[in-house]
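Asker: Please read through the structure below; I'll follow up with questions.
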Amino acid sequence: MIPLLRRSRPFLEPVVALLLLLWWAIAETGRHPLPGDLRSAVPWWAALVGVTVAIALCRRLPFVAMSIAAAVLVGQLLFPAGAFTDSATLVYAGLLIVVGTAAYRVGAPYRILPALFALFVGVSVAGLLARARADYWWPGSALTPDSDTVDAAVVWSNRITLFAVWIALSLAAWGAGVAVALWRDNRRGSAALARTAAELAAAETEVTIASQREPIAQDVHDIMAHSLSVILAQAEGARSLAEERPEAMSRSLATIASSARTSLTEVRMLIETLVAEPDGRSAPAIDDLDPLVERMRDAGLTVAVERYGSPDGLTTTQELAVYRIVQEALTNALKHGGSGASARVVLDARGGGMMISVASSGGEPVRTAARDAGGGRGLHGMRERARLAGGWAEAGPDDEDGVGSYLVTAFIPAAQSVLA
């Protein structure tokens, strides 16, 4: 029912205008016949048609409707034969529809125009009604009990009352239209605010999901890049030694299986954390660096590790950051260093945190230049992990050690330093 009313709402004013025209045309046909005395009939019918046209257009074309209504009133003031008198004075009530609808439809910058139009309608209609009888009075109030003469004071009092009533009616119609317009604007504003809030909530959800995807993708990259690099190095080595040293294949295959099993376990734990935090789950930490170094050595990378101090005061997340940074640096050394690559890892925990230094060398200059110096996921992930842990990380060619050398440095402060 309500959708039907909304669809039919634009036709309300034209239907009212048509009914008003038919009603008064039937009621006043005998009093203002056409054809007949054209001087008195034509202005009256023109005024009636003008009022109904203004009512029909007041919703879609409020300025045009106000102009037509104003022209009707001015025409009646200039041509008294066109004024609505006696029972036809109720036609003027149709102008109140034009006033209210125009006030509703005209926006804020021009809302003063319907107010001026309302004032003009009130004054003009009151003037026309007062002029219809020069000695206008309310029935029975202007005549004295013993005389047929008119009391001028009462006449003026009635005329003032007439003007006041019609001006009040016109301004009331304008006020009603403005009130409905403000209520409409408030509803639209509330609806727009609700839509904006919903869009912001959706955007926030997307940002949250995106922020969760990044660390997940970074973890998968770290795990798989390291494991596949080790597996690839072992497979290449086993293939080259298959004929010369068959006994070495067993060790290479064991390393491949161990790396695959480790990466599978880490990926499984990562997937499990997306559903829930299972009891007993442990992320890689500083104590897991020794097995990592051994796997890299088995893959053919010469690794030297130096430790200074005890890594106290680091949170689980910070220890994971240390592990992933060293893992990524060694993986890059193995991937880009080629045969004979070596790396030196220094872990210094004597300065209120963990200072990490991974220097690698080996490989041709072209392959070293192809390393990700800033835009790849691996080095970007190192920097991001260090930042989230409260520290920093940098990576780039090490010119002091000659061509083919690469240096990764990072610092992860102790938790107390981050919270201070």
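The values are calculated or read from the model by the stated rules, or taken from the named source; none is laboratory data. As the structure is a computational prediction, the values presented were derived from the model and not from experiment. Quick reminder, even Gly has a Cβ in these numbers, built from the backbone with ideal geometry, and neighbours come from all protein chains shown. Side chains included, ligands, DNA and RNA excluded: accessible areas come from the protein's heavy atoms. Shrake-Rupley method; radii C 1.70, N 1.55, O 1.52, S 1.80 Å.
Asker: Net charge near Gly353: determine it from the other residues with C-beta under 12 Å of the C-beta of Gly353, scoring Lys and Arg +1 and Asp and Glu -1.
Answerer: Details: positive: Arg350; negative: Asp312, Glu319, Asp348.
Spelling it out: positives minus negatives among the neighbours equals -2.
Asker: Say R0 is 51 Å: what FRET efficiency, to the nearest 0.05, do Asp399 and Glu199 get from their beta-carbon distance?
Answerer: Working: r = 51 Å, r/R0 = 0.99.
Step by step, r from the Cβ atoms, then E = 0.50.
Asker: For Glu206, Glu328, write out the residues from largest to smallest accessible area, computed with a 1.4 angstrom probe and no ligands counted. Don't skip to the end; give the middle numbers.
Answerer: Working: Glu206 125, Glu328 10 Å².
Largest accessible area first, the list is Glu206, Glu328.
Asker: Continuing with this model, one more query. How high is the FRET efficiency from Thr85 to Leu113, r the C-beta distance, R0 25 Å, rounded to 0.05? Write out the running numbers ahead of the final one.
Answerer: Numbers: r = 29 Å, r/R0 = 1.17.
E(calc), rounded to 0.05, equals 0.30.
Asker: With the crude spin-label approximation of a point 7 Å out along Cα→Cβ, what separation in nm comes out for Ala172 versus Ala93?
Answerer: Rounded to a tenth, the inter-label distance reads 1.2 nm.
Asker: Which residues' amide hydrogens lie under 5 Å from the amide hydrogen of Arg307, considering only partners 5 or more residues apart or on another chain, with H built in the peptide plane?
Answerer: The list, which skips near neighbours in sequence, is Leu347.
Asker: With a point put 7 Å past each Cα toward its Cβ, work out how far Ala304 is from Ala285 in nm, to one decimal.
Answerer: Output for this residue pair reads 3.0 nm.
Asker: For the stretch 49-126, report the translational diffusion coefficient in µm²/s to the nearest whole number, using Stokes-Einstein at 10 °C, 1.306 mPa s, and a Kirkwood Rh over Cα pairs.
Answerer: In µm²/s, the coefficient is 128.
Asker: Once label points are set 7 Å from the Cα along Cα→Cβ at both Arg297 and Ala25, what is their separation, rounded to one decimal in nm?
Answerer: 10.8 nm
Asker: On to the next question. Could you go through the stretch 161-178 in sequence order and give the Karplus-derived ³J(HN,Hα) for each residue, using 6.51 cos²θ - 1.76 cosθ + 1.60 with θ = phi - 60°, rounded to whole Hz, and x for Gly and Pro?
Answerer: So the Karplus estimates, Gly and Pro as x, are 4, 4, 4, 4, 5, 6, 5, 5, 4, 5, 5, 5, 5, 4, x, 5, x, 5 Hz.
Asker: What are the ³J(HN,Hα) values, in whole Hz, obtained from phi via the Karplus relation 6.51 cos²θ - 1.76 cosθ + 1.60 with θ = phi - 60°, for each residue of the stretch 283-300 in sequence order, with x given for Gly and Pro?
Answerer: Each residue's phi maps through the Karplus curve to give 7, x, 10, 5, 5, 8, 5, 4, x, 5, 4, 5, 5, 5, 5, 4, 7, x Hz.
Asker: Using 0.36 nm per residue, how much length does the chain from Asn186 to Thr161 gain when fully extended, once their Cα-Cα distance is taken away? Intermediate values should be presented prior to the final figure.
Answerer: Details: separation 25, 0.36 × 25 = 9.00 nm, distance 3.65 nm.
Difference between extended and current length: 5.4 nm.
Asker: Could you give me D for the stretch 287-335, from Stokes-Einstein at 4 °C and 1.567 mPa s, where the hydrodynamic radius is the Kirkwood radius over C-alpha pairs? Units µm² s⁻¹, please.
Answerer: On the way: Rh = 11.7 Å.
It comes out at roughly 111 µm²/s.
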